[in-house]
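Have a look at the structure below before the remarks.
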Amino acid sequence: MTDKTQTIHSEWSSRFAFILAATGSAVGLGNIWKFPYITGENGGGAFVLVYLLCVAGLGIPIMIAEIMMGRRGRQSPINTMQTLAQQADADSRWHYLGWMGMIAGFLILGYYSVIAGWSMAYIFKAFFGGFFSSDATEIKALFDDLMNSPIQQIFWHSVFMVITMQVVSRGVRGGLEKAVNFFMPALFFLLLILVGYAMSSGSYQQGLDFLFTPDFSKINANAVLTAMGHAFFTLSLGMGAIMVYGSYLPGHVSIAKTTFFIAGADTIVALLAGIAIFPLVFANNLQVDSGPGLIFQTLPLAFGHMGGGWLFGVLFFLLLFVAALTSSISLIEPTVAWLVENKDMDRPQACIWSGVACWLLGVAVVFSFNIWSGHTFFGKNLFELLDYLTANLMLPLGGLAIAVFSGWIMKTSDSAQELALPEQGYQIWQFLIKFVAPPAVFLVFLHVIGVFL
Ligand code: PHE
């Protein structure tokens, strides 16, 4: 098995390369686009606190587990699960976990690509001066114009999909490492500039209060589920993306240290995005719960009025596009790796098949923002439905299964050897993965079901 997979898949050139790629996967639209708008929809501070607790208590131990399992299995998540189950003398049905993850990644990319397309559209809107000294109504009209145009959205979604598949077909090492190396610091720097602008906008304190003063009366079971689901989504956990990246990780690298870095960077980017956006929302009397359009209706206001705003605007949406790209690559990688291993395809062929299927799903998502917006199921349009199904249900369920497998099913001698942690560190991880993560996810699910019944 090892011989075969080593000839099919490449390895990262170093620990640093893995960190870059995994951080590239984690930091994406989830941090800059999704985190602010779901925080706005779910009342702010209390939601942020639950999200942070989930990152620390569930996200970090599960990320350690997922990378560890990937490196031990060394194949696509489906085949990795098969191998690991065999090694642990466990039921071979564990490989369905790989299937669920592959499907989740595919469904997420279906809408992720559409939103990434919005950020590409905004690079050009910024470039042609679309934000100049516009007020909130004009900026909203600009966004509505994009929402109401299936043609524009399908065009950008298609461009994004082609670029993603182009990169994926070259394999994980070609190009990806270099792209992340440049974009991460640049994105960070631009977010700091935006935070600086937000500080001078007048409603800075109000924005901070909204984000960091918890008011628990504002959240309910569903908000807790959304916060937990987002912890998985933003860290790319529970669907095999991090597992497949872990499978390309050289043997001697410390998994735990790497995880702390990735989770830390991811959280900082999300918080910076929130700190940059909410003061603008309040200063311009915008609605905190305006949904998926939130950043597209607030940040252009900043770019339209700040010194150097034209350049920063173009750069920001360009970086958002790159951030989305490095995440999309990891969303489809489990599918591509599986097609290569099992269906005798080469990477380009595997990319064409999966790319076309995902593109079609994206077209349906585009329609859910305009001509099909009236068609709802459980009160949700297709975009909302896919998002709920994947981020709130499939990823936490995948995370739960990963926790149970690595904590209860895998031999401790195997996980201890693979993680190579100091005794105490290993015990803390075991405690979290066995006794904290599974009951926590389970209880949140139970609570939500209780609300429905
Ligand atoms: N973590 C990515 C983001 O925050 C999204 C993602 C989810 C990527 C799951 C891979 C797997 O944008």
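Below, the figures for the structure above:
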read-out	value
Nonlocal amide H pairs with Lys380, under 5 Å, H built at 1.01 Å	none
The chain, dipole about Cα centre (Lys/Arg Cβ +1, Asp/Glu Cβ -1), debye to the nearest 20	520 debye
Restraint check, Lys257/Lys434; Lys218/Lys380; Lys34/Lys218; Lys34/Lys125; Lys140/Lys218; Lys34/Lys380, Cα-Cα greater than 23 Å	Lys140/Lys218
The chain: angle of helix 395-404 to the longest principal axis, Cα-based, in degrees nearest 10	30 degrees
Rounded to the nearest 20 debye, dipole of the stretch 1-154 from Cβ charges on Lys, Arg, Asp, Glu	420 debye
Highest to lowest packing among 238-245, 376-383, 267-274, scored as the average C-beta count within 10 Å	238-245, 267-274, 376-383
Cβ charges +1 (Lys, Arg) and -1 (Asp, Glu), total dipole of the stretch 86-195, debye	320 debye
Mean residue ellipticity (222 nm) of the chain, computed from DSSP H runs ≥ 4 via -39,500 (n - 2.57), nearest 500	-23500 deg cm²/dmol
Estimated vicinal HN-Hα couplings, Hz - the stretch 80-96 in sequence order (Karplus 6.51, -1.76, 1.60; Gly, Pro = x)	4, 5, 4, 4, 5, 5, 4, 4, 9, 6, 9, 4, 6, 5, 4, 6, 5
Per-selection Rg to Rh, the stretch 73-169 - Cα, Kirkwood hydrodynamic radius	1.26
Rough spin-label spacing in nm, given labels placed 7 Å along Cα→Cβ, for Ile103 and Gln417	3.4 nm
Span from the the stretch 355-395 Cα centroid across to the the stretch 49-107 one, whole angstrom	25 Å
Cα coordinate range in the chain, projected on the principal axes (Å, largest first)	64, 48, 42
Of all accessible heavy-atom area on the stretch 3-452, the percent that carbon and sulfur account for (1.4 Å)	66 percent
Dipole axis of the chain (+1 Lys, Arg; -1 Asp, Glu on Cβ), positive-most option in Ala141, Phe160, Ile32	Phe160
Derived scalar couplings ³J(HN,Hα) [the stretch 109-117; Karplus, 6.51 cos²θ - 1.76 cosθ + 1.60; whole Hz; x for Gly, Pro]	4, x, 9, 4, 5, 5, 5, 4, x
Accessible area per residue, Å², the stretch 3-452 with all protein chains present, probe 1.4 Å	38 Å²
Options Phe431, Pro77, Ile193, ranked by Cα towards positive dipole end of the chain, top entry (Cβ charges)	Pro77
FRET efficiency, 1/(1 + (r/R0)^6) with R0 60 Å, evaluated for Tyr426 and Ile352 via beta carbons	0.85
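The values are calculated or read from the model by the stated rules, or taken from the named source; none is laboratory data. Worth saying up front: this structure is predicted, and the values here are computed from it rather than measured. Please note: Cβ atoms are built from the backbone with ideal geometry, for glycine as well, and neighbour counts cover all protein chains shown. With ligands, DNA and RNA removed, areas are computed over all heavy atoms of the protein, side chains included. Shrake-Rupley method; radii C 1.70, N 1.55, O 1.52, S 1.80 Å.
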